[in-house]
Amino acid sequence: MTADYAHPYPTPETLADHPFEPLDFTRFDEPTMRKRAVDFHAEMDRRRSVRMLSDEPVPIGLIETAIRTASTAPSGAHLQPWRFVVIGNPEVKSQIRAAAEEEERVNYLENRMNEQWQQALAPIGTDHHKEFLEFAPWIVVLFEERFRLDEDGTKRNNYYVKESCGIAAGLFIAALHHAGLATLTHTPSPMAFLTKLLGRPSNERPFVLFPIGYPMEGVLVPSLERKPLADVMTLID
Ligand code: IYR
């Protein structure tokens, strides 16, 4: 069946002013789609946050390709309001660890995270020690670009920055996992120290930090269940 749109997209006016091209799309038969869907779920279901990463080196090319994948994320007005800062330098990693642990010390030991919050984290077993920030061969800090600056310094808006960066972060995690790497979404809060430490401009704000590497041999992860479909999906048909 071909839908008969009363308002086709793009309009002739848009098409006259802006370049468009035919969609590059692969159509699969239904059994193939089901298999691809199930296989992809099975692969993603094996992803776990890893808090003990080894110091085994990881080729930078793998990180670059994952960032390319992350950067395919849809974004507000296709402005791609993100910047991935990749850190391999041991001294900078040590500085990040020291600053993150200081913030987390206040969170955990001086109760900046309240009792309820700390109880919620108990099954995960996190604390203020963040050794993975030194062991991991790479740390990637995803900065959100809150606005842009023209060549002449004029401020230009970005749109849906948090949503765009959240989607890019999700694709980044999926890409790393698919490549055979482990990571963790780490949010040492408050994260403002990263802007200064990494020399980022004032229009950028740290969004999430990813230590990346291989899991340490024999690492344990919490025995967590994922919610069943009925608890995360509501069908209105
Ligand atoms: N940022 C802290 C605390 C923390 C908070 C949540 I919500 C987590 O899911 C995990 C940790 C830390 O990284 O330890």
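The number of residues in segment 88-120 that are in a helix (DSSP H, G or I) and more than 10 Å from the ligand (Cβ to nearest atom) comes to 17. Close contacts from segment 109-136, counting a first residue that is on the phi > 0 side of the Ramachandran plot and a second that is near the ligand (Cβ under 10 Å from one of its atoms), with Cβ to Cβ under 8 Å and a gap of 6+ residues or different chains, come to Asn111/Gln118. Do the conditions hold for Pro57, that is, is it more than 20 Å from Leu184 (Cβ to Cβ) and not in a helix (DSSP H, G or I)? No, not satisfied. Look at (1) closer than 23 Å to Arg200 by Cβ; (2) in contact (Cβ under 8 Å) with a residue 60 or more places away in the chain; (3) not β-branched (Val, Ile, Thr) and you find that Lys93 fails only one, number (2).
What is the one condition in (1) modelled with pLDDT of 95 or more; (2) in a loop (DSSP other than H, G, I, E, B) that Pro8 does not satisfy? Just one mismatch for Pro8, condition (1). Does segment 150-208 hold any residues that are free of Cβ contacts under 8 Å to residues at least 24 places away in the same chain, over 19 Å from the mean Cα position of the chain (by Cα) and either under 24 Å from Val219 (Cβ atoms) or part of a helix (DSSP H, G or I) (or both), and which are they? Hit for segment 150-208 is Lys196, nothing else. Of everything in segment 121-174 that is of a type in the set (Asp, Glu) and over 23 Å from Met44 (Cα atoms), the residue that is nearest to the ligand (Cβ to nearest atom) is Asp127.
Pairs meeting the criteria (first residue in segment 60-87 and crowded, with 17+ Cβ neighbours inside 10 Å and assigned to a helix (DSSP H, G or I), second residue among the β-branched types (Val, Ile, Thr) and at pLDDT 95 or above, beta carbons under 6 Å, at least 6 apart or on different chains) are Ile63/Val86.
Note on segment 121-144: residues that are surrounded by 21 or more Cβ atoms within 10 Å (Cβ to Cβ) and not in a strand (DSSP E or B) amount to 5. One residue stands out among those in segment 209-226 that are within 14 Å of the ligand (Cβ to nearest atom) and part of a loop (DSSP other than H, G, I, E, B): the one that is nearest to Asn89 (Cα to Cα), which is Val221. Among the residues of segment 169-192, those that are modelled with pLDDT under 95 and either buried (at least 21 other Cβ atoms within 10 Å of the Cβ) or not polar (S, T, N, Q) (or both) comprise His186, Pro188, Pro190, Met191, Ala192. For the residues Asp45, Asp39, Asp55, the requirement of being without any contact (Cβ under 8 Å) to a residue 24 or more places away in the chain and either out of contact with any Phe, Trp or Tyr (no Cβ under 6 Å at 6 or more places or on another chain) or not polar (S, T, N, Q) (or both) singles out Asp39.
The values are calculated or read from the model by the stated rules, or taken from the named source; none is laboratory data. Keep in mind that what you see is a predicted model, and the values were worked out from it rather than measured. Methodologically, a virtual Cβ is constructed for each residue, glycine included, from the backbone with ideal geometry; neighbour enumeration extends over all protein chains shown.
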